[in-house]
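Reading through the structure tokens given below for one structure.
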Amino acid sequence: MKKVVLAYSGGLDTSLAVKWLKEQGFEVVAYLADVGQGIDKKGLRVKAKKAGAKKVIIKDLKKEFVRDYIIPAIYANAVYEGKYYLATALSRPLIAKEVVRVAREENATFIAHGCTGKGNDQLRFELTFNLLGPELKVIAPLRQWPFKSREEEIDYCRKCNIPVEISKESPYSIDKNLWGISIECGILEDIKEAPPEDAYILTNSPDKAPSRPKMVEIEFKKGMPIKLDGKRLDGVSLINRLNEIGGECAIGRTDLIEDRAIGIKSREVYEAPAATILISAHKELESLTLDRETLQYKSLIEQKYAQLIYNGLFFTPLKEALDRFIDKTQEYVSGKIRLKLYKGNIQIISRESRDSLYSKKLATYSKEDTLNQKASEGFIKILGLPYKLTAKRRRGYKL
């Protein structure tokens, strides 16, 4: 019998994919990656078996997810189209890499995912499969089976006694991990309607957030967050704690019309409290410790970096090259940033770094000023010379 390793989440699509693949004559190995989504391992194992999986493999990848995917994204201030902190996009290459590894261990010649033909995840999985396991054959059940809607999928699952948590009354498609949550489908597809409160999982609405602000201090070492309020925490614990604090203070909600990789626009709702806080603090520390040219050029690189992650190009040579540049920029990004969180807003309260390029003696307008202001006259003359010549040419002067 042909063997296939399926990237299994336990949601509607992958639960049905197990059943469908078995009906196509495959022996199904369901691989479930724990990237911080909060899973019931025993329940999902039973669910996959009930759907027809021959074998279920569950692995805790949270530490690797933080170390090799989230931390580089923090270094790069990776935010797609200014709003999306790439939680789902960052997890997909890790899961796909693991699926390839398991396929080789299980001597499977096929690998599969539960992504639709409209979304970005199909690219993130399949491009990673191509880069890391080019000898494996890819199956995408949702691009092949006859179901045309989530309602039809729900009906079929019920018919086959496959338990699903989703309902026709609340048909949200939710993807959750340590770095954030993405929410789509249902009423969210109507762009004239505001997201209802029942769509949100991690965050309070601003009107229900505490009436007193919350102060937090984040310490970084070479770009990496290492302490929260003076206490050293591992990456997983630090992010979990900031998700709790930020969610309570209504930080990290995004309602975005975004450009999908396949060319269509979609409406996505995201929650990413920890990501919003950490990248805000990291950018502030970079503004203090990076020189002007590096800071400005890095901002251009950051846009491309986020696009590569979004489009599923995590393991490409260009992404690797950009990582090397970005890693170099983090050499002096060390220090503490104190923030105030209040009803969906983040305010920078204080900045501290031994590697700061800020000099009060140069910036001050008091008697402590050490800048020779007379030097600015020559600087302006040299800087303005080409523009002066341009103005003369416009007026017909002979140069």
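The values are calculated or read from the model by the stated rules, or taken from the named source; none is laboratory data. Just so we're clear, the structure is a prediction, and the values are computed from it rather than from any experiment. Glycine also receives a Cβ, built like all others from the backbone with ideal geometry; neighbour counts cover every protein chain displayed.
Summary table below
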item: Complete set of residues in the stretch 249-293 that are free of Cβ contacts under 8 Å to residues at least 40 places away in the same chain and outside any loop (DSSP other than H, G, I, E, B); result: K265, S287, R292, E293
item: Boolean, I337 is within 21 Å of G246 (Cβ to Cβ), surrounded by fewer than 19 Cβ atoms within 10 Å (Cβ to Cβ) and among the hydrophobic types (A, V, I, L, M, F, W, C); result: no
item: I245 vs. criteria of a type in the set (A, V, I, L, M, F, W, C), assigned by TED's automatic domain parsing to the domain that holds E189, at pLDDT below 95 and not in a loop (DSSP other than H, G, I, E, B); result: no
item: Residues of the stretch 269-284 satisfying the condition of being surrounded by 24 or more Cβ atoms within 10 Å (Cβ to Cβ) and within 16 Å of K222 (Cβ to Cβ); result: L278, A281
item: Every residue from the stretch 105-134 that is over 17 Å from K22 (Cβ atoms) and either free of Cβ contacts under 8 Å to residues at least 12 places away in the same chain or among the β-branched types (V, I, T) (or both); result: E105, T116, T128, N130, P134
item: Any hit, the stretch 125-132, residues being of a type in the set (S, T, Y), within 23 Å of the chain's Cα centre (by Cα) and at pLDDT 95 or above; result: yes
item: Output for the stretch 111-138, where each listed residue is outside any loop (DSSP other than H, G, I, E, B), surrounded by 19 or more Cβ atoms within 10 Å (Cβ to Cβ) and not polar (S, T, N, Q); result: I111, A112, D121, L123, R124, F125, L127, F129
item: Pairs where the first residue, in the stretch 336-364, is within 14 Å of E286 (Cβ to Cβ) and the second is in a loop (DSSP other than H, G, I, E, B), C-beta under 7 Å, 6+ apart; result: S353/S334; D355/S334; L357/D291
item: Number of the exception - F65 against (1) in a loop (DSSP other than H, G, I, E, B); (2) at pLDDT 95 or above; (3) surrounded by 21 or more Cβ atoms within 10 Å (Cβ to Cβ); result: (1)
item: L12 being of a type outside the set (D, E, K, R), touching a Cys at 6+ places or on another chain (Cβ under 8 Å) and within 22 Å of Q144 (Cβ to Cβ); result: yes
item: Sole residue being in a helix (DSSP H, G or I) and more than 25 Å from K2 (Cβ to Cβ), chosen from I70, I39, I95; result: I70
item: When residues of the stretch 208-237 are limited to those that are part of a helix (DSSP H, G or I) and touching a residue at least 24 places away in the same chain (Cβ under 8 Å), the one surrounded by the most Cβ atoms within 10 Å (Cβ to Cβ); result: G235
item: Of all residues making up the stretch 254-282, the number that are of a type in the set (A, V, I, L, M, F, W, C) and farther than 21 Å from Y75 by Cα; result: 6
item: Residue that is farthest from I277 (Cα to Cα), among those in the stretch 349-399 that are of a type in the set (G, A, S) and assigned to a loop (DSSP other than H, G, I, E, B); result: G396
item: Any hit, the stretch 92-100, residues being outside the structural domain of G180 (by TED's automatic domain parsing), at pLDDT below 95 and under 27 Å from the mean Cα position of the chain (by Cα); result: no
item: Residue list for the stretch 351-389, filter: of a type in the set (S, T, N, Q) and exposed (fewer than 11 other Cβ atoms within 10 Å of the Cβ); result: S359, S366, T370, N372, Q373
item: Residue identified as touching an Asp or Glu at 6+ places or on another chain (Cβ under 8 Å), part of a loop (DSSP other than H, G, I, E, B) and of a type in the set (V, I, T) among I187, I201; result: I201
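Residues checked against (1) of a type outside the set (S, T, N, Q); (2) closer than 17 Å to Y310 by Cβ:
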{"site": "A78", "(1), (2)": "yes, yes"}
{"site": "A89", "(1), (2)": "yes, yes"}
{"site": "N107", "(1), (2)": "no, no"}
{"site": "R143", "(1), (2)": "yes, no"}
{"site": "D155", "(1), (2)": "yes, no"}
{"site": "C160", "(1), (2)": "yes, no"}
{"site": "E184", "(1), (2)": "yes, yes"}
